[in-house]
Amino acid sequence: MAGGSYNVGHDAARQYDGRITGFVIITCLVAAMGGLIFGYDIGISGGVTSMEPFLKKFFPSVLHKMNNDSGDENEYCKFDSQLLTLFTSSLYLAALVACFFASVVTRTFGRKFSMFFGGVVFLIGAILNAIAGNIEMLIIGRLLLGVGVGFANQSVPVYLSEMAPPKIRGALNIGFQMAITIGILFANLVNYWTNSIEGGYGWRISLGLAAVPAILMTVGSIFLPETPNSLLERGHSEKAKQMLRKIRGIDHVDEEFQDLYDASEAAKQVEHPWRNITMPRYRPQLVISLLIPFFQQLTGINVIMFYAPVLFKTLGFGSDASLMSAVITGVVNVVATLVSVFCVDKFGRRILFLEGGAQMFICQIGTGIVLGLKFGVNGKGNLSEGWADFVLFLICAYVAAFAWSWGPLGWLVPSEISPLEVRSAGQAINVSVNMFFTFMIGQAFLSMLCHMKFGLFFFFAGFVLIMSLYIFFFLPETKGVPIEEMHVVWEEHWFWNKYMNMEDNHGSSGASTSAKPV
């Protein structure tokens, strides 16, 4: 491991002419709205599940435990209910299944069609949740929301990476994460408002307003242009060249178009992208598409985001105070994501990953220590106002660290590293692993909190340490590298370069081994 071997030089990567156009920025901003549906759902779930009218109708046993003032109730276990967590996590199970179908649809019919379809299905799910009269209807609505999320998370990051100029690809792709954080904040504000509505129907408004981001995504996708990569993939060469001229703002795009065309021709030789991505020369993309989303969920962020009101209520915050605390973390999330937007193409991906990891580790250890001292292992105790504010500060600092590191980069890096012939498969792996572990951790969190108590924060801190070491040793810098020239960073990396020179022994099932690497 020679010094400097982790930061790959980009001199060998081709640089294309072009300028940053208003057209491509507006297009990417519209596409990024696909993140609103994911963010709104993450934010709305925890708030709704802390509302007494909602619990009374669907989860009365949880409400009974929550209102138990006998002093015998373990504070860590107030919300421990598998049925309650199924309400939250069922969406991610549906998204896991949907993303495999979305991979085929995205490749066959284009990125914008996947966005449109996802928006329509999410809209139907939002309506079902708003009018739900029983738990079955509620779960069916959640499953439809999951299908919408699966299609959006499959298509939007790929769309943004393909449309954006290399110099600002990171910032424009992070528009997706920015939309997620805005969706979370909007949901937290909605929950704070609907919780105060008399009549006990506020939760219906919270769930029904998911239709707003769904409509924005559906309508926006109708007016979006298709990416040059997708047009080439489906045989529309002239349209692809015209679109490339439009998004680059110049007429002379021959060099970049030729690389896109070569990549498309290599991709067309691939009959089985799922089989091909297991070939040795795609080992870096496969491993990173598996591990980045796995690690992203093992930061513990989503349990903070969709259980924030429940968590704060568990720690002794009142109902309104717990929802307001969730609003505060939502604001921090949005502001900190802006840091990533402005820094990712200036300082690179690695430095944000590593700094964010160190900050999350410190905050999780601190939170675990405070909860251990104040609640012990029996879960009986309380937080004074000063200690409660300190815990809120630690959680906000943790959310900020995630928001400028693993949050946006967990979507950006997997979407930009795969060549066209396996890009849909790579993104499907990224989304499916993300959704699977979101489901598993979402389903297990309240039970884990009950049984592991304050040790749960040490559990997540341990994984943050492991993932930071992985980034340090195995992730090369991808800042500023054209998406179809990404092979250069693997060829120059101390570990991955050995896979780039291996012969693939898959016979005719893959692309021709003589095709130009992309």
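Can you tell me how many residues in region 1-49 are among the hydrophobic types (A, V, I, L, M, F, W, C) and modelled with pLDDT under 70?
5
Which residue out of Phe436, Phe402 is buried (at least 18 other Cβ atoms within 10 Å of the Cβ), modelled with pLDDT of 85 or more, part of a helix (DSSP H, G or I) and in contact with a Leu (Cβ under 6 Å, 6 or more places away or on another chain)? It would help to see each step written out before you state the result.
Numbers: Phe402 fails: in contact with a Leu (Cβ under 6 Å, 6 or more places away or on another chain).
It is Phe436.
Looking at (1) under 15 Å from Val431 (Cα atoms); (2) open to solvent by 10 Å² or more (accessible area, probe 1.4 Å); (3) within 14 Å of the chain's Cα centre (by Cα); (4) of a type in the set (Val, Ile, Thr), find the lone condition where Ile182 falls short. For Ile182, the failing item is (1).
A Cβ distance below 6 Å, combined with a sequence gap of six or more or placement on separate chains, defines the contacts here; from region 283-302, residues that are part of a helix (DSSP H, G or I) reach residues that are among the polar types (S, T, N, Q) in the pairs Gln285/Ser418; Ser289/Asn430; Pro293/Asn430; Pro293/Asn434; Gln297/Thr438; Asn302/Thr438.
Return yes or no: is Ile168 over 22 Å from Ser405 (Cα atoms) and of a type in the set (A, V, I, L, M, F, W, C)? Can you show your working first?
Working: over 22 Å from Ser405 (Cα atoms): no; of a type in the set (A, V, I, L, M, F, W, C): yes.
No; evaluated as a whole, the condition is false for this residue.
The residues of region 372-398 that are within 22 Å of Phe361 (Cβ to Cβ) and either aliphatic (A, V, I, L, M) or in contact (Cβ under 8 Å) with a residue 40 or more places away in the chain (or both), listed by number, are Gly372, Leu373, Phe375, Val391, Leu392, Leu394, Ile395, Cys396, Ala397, Tyr398.
Scanning region 31-44 for residues that are among the hydrophobic types (A, V, I, L, M, F, W, C) and more than 17 Å from Leu123 (Cβ to Cβ) returns Ala31, Ala32, Ile42.
Every residue, every condition in (1) in contact with a strand residue (DSSP E or B) (Cβ under 9 Å, 6 or more places away or on another chain); (2) surrounded by fewer than 24 Cβ atoms within 10 Å (Cβ to Cβ); (3) within 24 Å of Phe474 (Cα to Cα), yes or no:
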site	(1), (2), (3)
Val370	no, yes, no
Lys380	no, yes, no
Leu394	no, yes, no
Asn430	no, no, yes
Leu446	no, no, no
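Yes or no, residue by residue, for (1) buried (at least 23 other Cβ atoms within 10 Å of the Cβ); (2) under 30 Å from Leu392 (Cα atoms); (3) at pLDDT 75 or above:
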residue	(1), (2), (3)
Ser264	yes, no, yes
Ala267	yes, no, no
Gln285	yes, no, yes
Phe317	no, yes, no
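The values are calculated or read from the model by the stated rules, or taken from the named source; none is laboratory data. This one's a predicted model, so the numbers in the text were calculated from it and none came from an experiment. Quick reminder, even Gly has a Cβ in these numbers, built from the backbone with ideal geometry, and neighbours come from all protein chains shown. Areas reflect the complete protein model, heavy atoms only, side chains present, ligands, DNA and RNA absent. Shrake-Rupley method; radii C 1.70, N 1.55, O 1.52, S 1.80 Å.
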